[in-house]
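*Asks:* Structure incoming, see below.
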Amino acid sequence: MGIAGSLTPDQLAFFNSQGYLVIESFASEDEIGALRKRMNELLTQSDCSVSSIFSTKNQKKTTDNYFFESAEKISFFFEEKAFGDDGKLKQPKELSINKVGHALHELDPLYKEFTYSSKVSSLVSSLGYRRPVVMQAMYIFKQPGIGGEVVPHQDNSFVYTDPPSCTGLWMALEDSTTVNGCLWAIPGSHKNGLVRRFIRGENGVTFDRPSPCYDQKDFVPIEMKAGSLIAIHGDLIHQSFENLSAKSRHAYSLHVVESDGCKWAPDNWIQRESMPEPLYAP
């Protein structure tokens, strides 16, 4: 099936040069509203009796079987600062959730419809994919006051193929600013290649080498209006700071890899019984 690419030559040139590209008004207000409403329903219906925490600072410590099993489920992960000393949530779960993942795009009809839409397919086609699959999807809340920091990283570290092929698609469902924890990136850093991998072994997960030290002056803020989407090269160094403001920063994030000529790494944290349905096939 042929999919026509939607990006212009100038947009592709910017992506190849800088390692990212912001596309404004990618989603309509109605689409944003529907995605947010559906997530509120999922969260209301959820049984959050299993309290799993997501952290990019203490990945090894907080990774558990619930995390591993989320690859093919819709699972709920809390902010590190959501719990008091007594182990109980300090505020309602709706204000305590860090993210929902990682098979949201496969198991929920509304999220699947958006993920497999022609607008997503044509964007991915523009980036040169032949048989792309979405290996994980996440609804990220970045809660007011407790939204955790996401340390500098590359998406290829976590979603690795041989050769590397990951692209992140991150869509703002609320305005994303320097006040409520927008993304920051080092433009052009994708040209330096992959610096480390997040590996799953017999004793859990760990990085195969320490993180390099980054100079914060090299990062630039990427503020985005609700409905805008940023495509992120798998080797781009990016991060976000804690959200200490009174406003949340909801987003919907996808990680796409090539399944034609690229081998899924057997030591990725995500291991599934079968690969997801491709967005399209050549």
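The values are calculated or read from the model by the stated rules, or taken from the named source; none is laboratory data. Source: prediction; values computed, not measured. Here Cβ is always computed from backbone atoms with ideal geometry, including for glycine, and neighbour counts include all displayed protein chains. Areas reflect the complete protein model, heavy atoms only, side chains present, ligands, DNA and RNA absent. Shrake-Rupley method; radii C 1.70, N 1.55, O 1.52, S 1.80 Å.
*Asks:* Determine the dipole magnitude for the chain: charges of +1 sit on the beta-carbon of Lys and Arg, -1 on that of Asp and Glu, nothing else is charged, the reference point is the Cα centre, and the result goes in debye to the nearest 20.
*Replies:* 300
*Asks:* With Cβ to Cβ distances under 12 Å as the rule, what net charge do the other residues near Leu35 carry (K, R +1; D, E -1)?
*Replies:* Net of charged neighbours comes to -3.
*Asks:* Next question. Please report the net charge: other residues with Cβ closer than 9 Å to the Cβ of Asn268, K and R +1, D and E -1.
*Replies:* +1
*Asks:* So what is the accessible area of the chain per residue, in Å², with the probe set to 1.4 Å?
*Replies:* 45
*Asks:* Sticking with this structure for a sec: Can you pull the Rg over Rh of the chain, Cα-only, Kirkwood?
*Replies:* Radius of gyration relative to Kirkwood radius: 0.93.
*Asks:* Something else: With all protein chains present, how much of the accessible area of the range 7-262 (probe radius 1.4 Å) comes from carbon and sulfur, to the nearest whole percent?
*Replies:* 51
*Asks:* Let me ask something else. Testing the spin-label approximation: label points 7 Å from Cα along Cα→Cβ at Lys37 and Gln216. State their distance in nm.
*Replies:* Here the answer is 4.1 nm between the modelled labels.
*Asks:* Can you pull out the GluC sites (Glu not before Pro) in the range 150-229 whose DSSP state is coil and whose Cβ has at most 13 other Cβ atoms within 10 Å?
*Replies:* Listed in order of number, the matching sites are Glu202.
*Asks:* Separate question: Simple spin-label model, 7 Å along Cα-to-Cβ: Asp260 to Thr8 in nm?
*Replies:* 2.7
*Asks:* Still on this structure: Can you give the local net charge around Arg131? Use residues other than it whose beta-carbon is closer than 12 angstrom to its beta-carbon, Lys and Arg +1, Asp and Glu -1.
*Replies:* Here the charged neighbours net out to -2.
*Asks:* Given charges of +1 on the Cβ of Lys and Arg and -1 on the Cβ of Asp and Glu, with all other atoms neutral, how large is the dipole of the range 188-230 about its Cα centre, in debye to the nearest 20?
*Replies:* So the dipole magnitude of the range 188-230 works out to roughly 100 debye.
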